[in-house]
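What follows is a single structure, written as structure tokens, with notes after it.
A short reminder: the numbers here are calculations on the coordinates, not readings from a lab. Only a predicted model underlies this, so the values are computations on that prediction, with no experimental measurement involved. Quick reminder, even Gly has a Cβ in these numbers, built from the backbone with ideal geometry, and neighbours come from all protein chains shown.
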């Protein structure tokens, strides 16, 4: 049985190399090729491939965002030209990757590992959020959050996120009066966002500093943060300390 | 903040530098008092007074804000002379206090000091004016040092950015793809890439190049990118006559073009057109690079170097006469460079 594969790269020539190398492999079947992240998410969700060759830098959505959106039950080989942080992160979490340009030997080696994984039905159990965090240059934070809502994809610029609320395995992202659910822990989200702009005011709440209009006392130890639109968010004692430090109250 | 507090060396050298001035002023004081004051008295008055003067003279820093080239002479005169007179008055008042205090030690000091007052007041004025001059010198020195450091740094970074590893490896990957699909194009791309690398190495080390050379560098860069992006990347160029001869710092336009691709064309799945224009207007060279971009795509993480480097280098070389301007329209991004026109012989027009 052949391994159903999707190629994702914004450069046609880069896909051509992959296609050429794959043509020599009997057990690999290319079922789709995508030139940008949106198409990739759509194709992967539709065709449910077993393997994806995924370029890291792409227009619209990058490789990590694509993976975040499709879930991680697919074998992935990242393909990148040059990114010192990403390659370090790949090495650390034993993710397969290819550095452009690569030769047939390298390609075959990567493919062999993938075959073993698929044959052993090893779940890829890749923590995309953590991988992405590790692949980001220090001091850099994500500028946008991607969420999938059925077939619809939402890209929320970080500045438009009002606050996030933990709900079991999900976070509810509140943005411009809308609420979107994303499968991610609030701690992971907190780490990805700029700590100078987003504060964890409570175990279950992460809030955009710019949205807070005032903080009022609630019970003995807790307070309420009132947002510009009137929403009230609980602030724990340690959360208030963090808030105080950032706002220099 | 006053530079003296920023630089420890300045700070340590400052008071000792006043010793000779103090000695001269002491001589002036002794002779202008018609030798009525004994040396010991002169020393007792002049030592603390020189310290006061040294401190007052530091205030000159705060009136050195006026640009000597652009402010009218009479204005400078009207600012400097009264402030020197004020400073002199302050010092003279302190002098009086010192003399009055010392009067308890040296009998009959005040009447003997009085004849020296006008001469001293004028001397203090002159010293203060001198201090203004020195402050301007220090300022000019600092500015030129900073400009030099900035331009060096920017140039170094620009050169590093030239061999943008991402660009290089992606291009090599494209060549690798083409070797089997289209060997002729692979060779063409090898040559375009070598041309670009050679050009950027050769031009990058020169202080200034002609705008024509800079454009050909940008073109060799675009040639490589065109092989990578294919039909997605289209380029138009509009140049007014003769503007290729203007002297420009190297690698000023190329980063804008690179930016236009990275944040513009690459964000559009169907690609777009980059427009490069050059004009000679009002004794200036104006260069614009325009590109469409995807307004839906939130800003990617930028290294931010491209434009900041260009801006720093323009400022370091031309001061306020050179500038980089960014305009963002709904789906069009325009970067404009304006710099003073200078032709092949280095003549400013």
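Among A:30-42, A:73-85, sorting by the average number of other beta carbon atoms lying within 10 angstrom of each residue, highest first, gives A:30-42, A:73-85. Structure remark: mean-square fluctuation, Gaussian network model of chain B, C-alpha springs under 10 Å; the largest value among B:222, B:130, B:339 belongs to B:130.
With viscosity set to 1.567 mPa s at 4 °C, what whole-number translational diffusion coefficient in µm²/s follows for the protein assembly as shown from Stokes-Einstein and a Kirkwood radius over Cα pairs? The estimated diffusion coefficient comes to 43 µm²/s. Mean partner shielding of peptide A:6-14, defined as the number of other chain Cβ atoms within 10 Å of each residue Cβ, is 5.
Per residue of A:74-87, other chain Cβ atoms within 10 Å of the residue Cβ number 2 on average.
Here is how the number arises for chain B: DSSP H runs of 4 or more residues each give -39500 (n - 2.57), the sum is divided by the residue count, and the result at 222 nm is -20500 deg cm²/dmol.
By the count of neighbouring beta-carbon atoms within 10 Å, fewest first, B:106, B:5, B:11 end up ordered B:5, B:11, B:106. Using C-alpha pairs under 8 Å with a sequence gap of at least 6, the mean separation divided by the residue count of region B:163-340 gives a relative contact order of 17 percent.
Let me know the shape class of region B:1-130, please: from the alpha-carbon gyration tensor, a ≥ b ≥ c as square roots of the eigenvalues, rounded when a/c is under 1.5, otherwise prolate if a/b is greater than b/c, or oblate. Prolate is the answer for region B:1-130, as a/c is 1.5 or above and a/b outweighs b/c. Spacing of the modelled spin labels on residue A:121 and residue A:12, each 7 Å from Cα toward Cβ, amounts to 4.2 nm. Quick one: of the DSSP bridges fully inside the protein assembly as shown, what percent are antiparallel, nearest 5? That works out to approximately 70 percent antiparallel. Fewest-first ordering of B:10, A:240, B:124 by other beta carbons within 10 Å of each residue's beta carbon gives B:10, A:240, B:124. The calculated FRET efficiency for the pair residue A:45 and residue B:245, based on their C-beta separation and a Förster distance of 56 Å, comes to about 0.45.
Projecting label points 7 angstrom from Cα along Cα→Cβ for residue B:182 and residue B:76 puts them 6.4 nm apart.
Can you give me the angle between helix B:183-204 and the longest principal axis of chain B, using Cα atoms only, in degrees from 0 to 90, rounded to the nearest 10? Its long axis makes an angle of about 10 degrees.
Inter-label distance, residue B:142 to residue A:151: 6.5 nm, where each label sits 7 Å from its Cα along the C-beta direction. Helix B:8-32 axis versus longest C-alpha principal axis of chain B: approximately 30°, rounded to the nearest ten. For the segment A:141-149, counting C-beta atoms of other chains within 10 Å of every residue's C-beta and taking the mean gives 2.
For the pair residue B:122 and residue B:101, a Förster radius of 25 Å applied to the C-beta separation gives a FRET efficiency near 0.55, rounded to the nearest 0.05.
Helix A:237-247 and the longest principal axis of the Cα set of chain A meet at an angle near 90°.
Taking R0 as 22 Å, what FRET efficiency do you get between residue B:40 and residue B:15 from their Cβ-Cβ distance, rounded to the nearest 0.05? Rounded to the nearest 0.05, the efficiency is 0.50. Panel order for B:333, B:31, by other beta carbons found within 10 Å of each beta carbon, from fewest to most: B:31, B:333.
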